[in-house]
Amino acid sequence: MDHFLYRDGELYAEEVAIAEIAAEVGTPFYCYSAATLERHYRLFDEALEGTDHLVCYAIKAASNLAILKLLGDMGAGMDVVSGGEYARARAAGVPGERIVFSGVGKTADEMRMALEGGIRQFNVESEPEMLALNAVALELGVRAPITVRVNPDVDAKTHAKIATGKSENKFGIPISKARAVYAEAAGLPGLEVVGIDVHIGSQLTDLAPFREAYEKVALLTEELREDGHDIRRLDLGGGLGIPYTNSNETPPLPRDYGAMIKETLGHLNCEIEIEPGRLVAGNAGIMVSGVIYVKEGDGRDFLILDAAMNDLVRPAMYDAHHDIVPVKEAEPGVEPARYDIVGPVCETGDTFARERDMSVIQAGDLVAFRSAGAYGAVMASEYNSRPLIPEVLVRGDQFAVIRRRPSLEDMLNRDSIPEWL
Ligand SMILES: *Cc1c(COP(=O)(O)O)cnc(C)c1O
């Protein structure tokens, strides 16, 4: 459920008309609903009620400081995958003890930054990384709390680019090697083993792969405890999918996910961490775009938008579907038209949808891409020298620009021409 609904034929974000924001901010832009973000965070928090737990929002899904502040103020932890994300979490007021550091390629500088600024744990993904972290911690005279990310070799049954839990993926260490790696970790004085980490992929629409992975983690917990390790924390990653269409696609609810976690892991009395990103932010954001032209082609009509693949890359990158809806609802009884919906970027990949039935649209109309809150703004680029589009946050009847649109000068001024040229 989200808070982007029609009122009197007009799309609203909570109590603010999208058309009103567009008039003030210009198009295209991203718009987030605070109430939806809050609701989704709470669903996870409540799903784990009764268990010692921390919901660590995966910042990479949508990393605007205002979003991080909103979630951090509700008590959320954060999952970061770079020094930049660590800095964002801290700048949003999230204390180090609520930040976990994931990612396959942490540099020594990033490790230093987190150890100095405060960190809950590093999720270590390889033996070389473990040795590097040990060295940085010793240099700073501290012990780095770690989990080891294990790769459970399960098929997440999701898009190949976002599946991470098969043995051929670059993530984590093979679960079959885990006991040896933990033995090695225990011998490194700069590290303190606190638990196990697993994350098998994103946009999972079935609980079965999660269950399979968590059952393997439960067994491993018992084995590692027998080996003398104090396994007290289990980081279960993110990955719960969202419905991208209004069709009958129904991913599991956080409530059922939480129940399954308790069932597979509850007997171990570990603190549970989860790292949802997409489900928190995905349906809490839309991208609003203006129609520049309606172009009649040979056998098909094109809606040419002012948003493009550089602003929302998911359709080009993952063949992702987004529902695209008119901001002004169709009059009842008017036959829909069929369009290819494209952006102005100079490649055919810049196609958001093919043969999509929509109400009749004219140049100057506004359309909204639903479910664009996660992996939308954060993956945008300035390809074709199109400045990054702004982000807007709505709460109740208020809205604010939370990232402004850069001017063309801002964009040009980042380049420099050498004196000798
Ligand atoms: C991407 C990622 C997440 C978040 O995944 P979602 O599908 O957005 O929930 C969590 N943990 C790790 C380690 C990730 O890489």
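The values are calculated or read from the model by the stated rules, or taken from the named source; none is laboratory data. Note that the structure is a prediction, hence the values are computed from the model and not measured. Backbone-built Cβ (ideal geometry, glycine too); neighbour counts: all protein chains shown. We work out accessible area using only protein heavy atoms, side chains counted, and drop any ligands, DNA or RNA first. Shrake-Rupley method; radii C 1.70, N 1.55, O 1.52, S 1.80 Å.
Looking only at the range 178-195, decide whether some residue is open to solvent by less than 10 Å² (accessible area, probe 1.4 Å) and within 16 Å of the ligand (Cβ to nearest atom).
There is at least one residue in the range 178-195 that is open to solvent by less than 10 Å² (accessible area, probe 1.4 Å) and within 16 Å of the ligand (Cβ to nearest atom).
Please find, within the range 292-328, the residue that is most open to solvent (accessible area, probe 1.4 Å) out of those that are over 18 Å from D357 (Cβ atoms) and acidic (D, E).
My answer is D298.
Tally up the residues in the range 235-258 that are in a strand (DSSP E or B) and free of Cβ contacts under 8 Å to residues at least 60 places away in the same chain, please.
So the count comes out to 1.
Out of all the residues in the range 203-210, is one or more buried (at least 24 other Cβ atoms within 10 Å of the Cβ), within 14 Å of the ligand (Cβ to nearest atom) and assigned to a helix (DSSP H, G or I)?
Yes, the range 203-210 contains at least one residue that is buried (at least 24 other Cβ atoms within 10 Å of the Cβ), within 14 Å of the ligand (Cβ to nearest atom) and assigned to a helix (DSSP H, G or I).
Of the numbered conditions (1) in a loop (DSSP other than H, G, I, E, B); (2) in contact (Cβ under 8 Å) with a residue 12 or more places away in the chain, M111 fails exactly one; give the number of that condition.
(1) is the only condition that M111 fails.
Quick grid of which residues meet (1) open to solvent by 60 Å² or more (accessible area, probe 1.4 Å); (2) over 18 Å from E271 (Cα atoms); (3) within 13 Å of the ligand (Cβ to nearest atom); (4) not polar (S, T, N, Q):
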| position | (1), (2), (3), (4) |
| --- | --- |
| E97 | yes, no, no, yes |
| A108 | no, yes, no, yes |
| M111 | no, yes, no, yes |
| G117 | no, yes, no, yes |
| E129 | no, yes, no, yes |
| L140 | no, yes, no, yes |
| P145 | no, no, no, yes |
| R149 | no, no, yes, yes |
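Out of all the residues in the range 27-62, which are in contact with an Asp or Glu (Cβ under 6 Å, 6 or more places away or on another chain) and assigned to a loop (DSSP other than H, G, I, E, B)?
Of everything in the range 27-62, those that are in contact with an Asp or Glu (Cβ under 6 Å, 6 or more places away or on another chain) and assigned to a loop (DSSP other than H, G, I, E, B) turn out to be T27, P28, D52.
So if I check each of L188, L138, which one is in a loop (DSSP other than H, G, I, E, B) and touching a residue at least 40 places away in the same chain (Cβ under 8 Å)?
Only one candidate passes the filter, namely L188.
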